[in-house]
Amino acid sequence: MSTYVICVGILYSGNLGAIARLCSNFGVEKLILVKPECEIDKEAYDRATHGKYYLDDCIIVDSLIEAKKYVDLLIALSARKGGKNSLARSSISLEEYFEKNDFGGNVGFVLGRENWGLSNEETDLCDLLVHIPIKGDNVVLNISHALSVVLWEQNKLNKEEIDSEKRLMTREEKDAFMMMLNDILSHVWIEEDKHYGMKRVFSMIIGRSMVTSREANTLIGTLRGIRRSLEGPHPPWDKHE
């Protein structure tokens, strides 16, 4: 499993340096910056110490959509949780995520801006929203502190080679699944204004379930068969045609 750290709109170079240092502490694969608001300056390098390499070699992109292509599972970190009716802020705890995570694949942890975090639109682009349970009065951690907790937990996972049956559903497979689901929804008796919410629910279910590539092949094959029936003649064995 390879770990990527993705910072969206980071404001302060000191935090950026601290994050680079953490990347070196825990052997992160790559640091990705989405529209950074700060410079990679002397303060960043001073705070990075042995993590300077991550600043020199970081990937800078204009949107979270661009960053998404580097990972199979994109996990948003946020202290803000929604209620039962808030799809955009429906999250699981860090413990719950790591209890079920024994899979292989590229995982990206997304950190929001220091002043207000991630927007609902940005969390919608992620496969999963995770929060760190805090018992104190202040439930919001500094982004580098939050990342240190997450990477420490990630580092405890078994680093032995993962067999193919436990390889996470890839980004390409998820895109194929969602594309077929979108095609199917265009043919069924469900009002169009409900499609977005339904697709978001499917995306969250796939993220939470840690679907493997082997399982993904079955899901995609099922949707492909449904789409073929909707767009063309039914198979000869269909008694209800």
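The values are calculated or read from the model by the stated rules, or taken from the named source; none is laboratory data. This one's a predicted model, so the numbers in the text were calculated from it and none came from an experiment. Counting neighbours? That spans all protein chains shown, and the Cβs are built from the backbone with ideal geometry, glycine included. Please note that ligands, DNA and RNA were not included when accessible areas were found on the heavy atoms of the full protein model with its side chains. Shrake-Rupley method; radii C 1.70, N 1.55, O 1.52, S 1.80 Å.
For this structure, a couple of remarks:
- Residue that is modelled with the highest pLDDT, among those in the range 80-100 that are in contact with a helix residue (DSSP H, G or I) (Cβ under 6 Å, 6 or more places away or on another chain) and part of a loop (DSSP other than H, G, I, E, B): Leu87
- Index of the failed condition, Glu66 passing every other in (1) closer than 18 Å to Arg113 by Cβ; (2) modelled with pLDDT under 95; (3) acidic (Asp, Glu): (2)
- Residue in the range 22-32 that is polar (S, T, N, Q), surrounded by fewer than 21 Cβ atoms within 10 Å (Cβ to Cβ) and in a helix (DSSP H, G or I) present: yes
- Of all residue pairs spaced 6 or more apart or on separate chains, those with beta-carbon atoms under 6 Å, a first member in the range 129-150 that is within 17 Å of Gly117 (Cα to Cα) and a second member that is open to solvent by 60 Å² or more (accessible area, probe 1.4 Å) and among the charged types (D, E, K, R) are His131/Lys81.
- Within the option set Ile205, Ile226, being under 30 Å from Asn106 (Cβ atoms) and open to solvent by 80 Å² or more (accessible area, probe 1.4 Å) holds for one residue only, Ile205.
- Hey, Asp193 surrounded by fewer than 15 Cβ atoms within 10 Å (Cβ to Cβ), assigned to a helix (DSSP H, G or I), acidic (Asp, Glu) and modelled with pLDDT of 90 or more or not: yes
- Output for the range 168-207, where each listed residue is free of Cβ contacts under 8 Å to residues at least 12 places away in the same chain and of a type in the set (S, T, N, Q): Ser186
- Check on Val150, touching a strand residue (DSSP E or B) at 6+ places or on another chain (Cβ under 6 Å), modelled with pLDDT of 90 or more and part of a helix (DSSP H, G or I): yes
- In the range 121-139, the condition of being in a loop (DSSP other than H, G, I, E, B), hydrophobic (A, V, I, L, M, F, W, C) and exposed (fewer than 12 other Cβ atoms within 10 Å of the Cβ) is met by no residue.
- The number of residues in the range 33-60 being assigned to a helix (DSSP H, G or I) and open to solvent by less than 20 Å² (accessible area, probe 1.4 Å) comes to 4.
- For Arg214: the one exception among (1) open to solvent by less than 80 Å² (accessible area, probe 1.4 Å); (2) assigned to a helix (DSSP H, G or I); (3) modelled with pLDDT under 90: (1)
- Among the residues making up the range 170-188, those that are within 20 Å of the chain's Cα centre (by Cα) and either outside any helix (DSSP H, G or I) or charged (D, E, K, R) (or both) are Thr170, Arg171, Glu172, Glu173, Lys174, Asp175.
- Subset of the range 65-79 (residues that are open to solvent by 10 Å² or more (accessible area, probe 1.4 Å) and either of a type in the set (S, T, N, Q) or in a helix (DSSP H, G or I) (or both)): Ile65, Glu66, Lys68, Ser78
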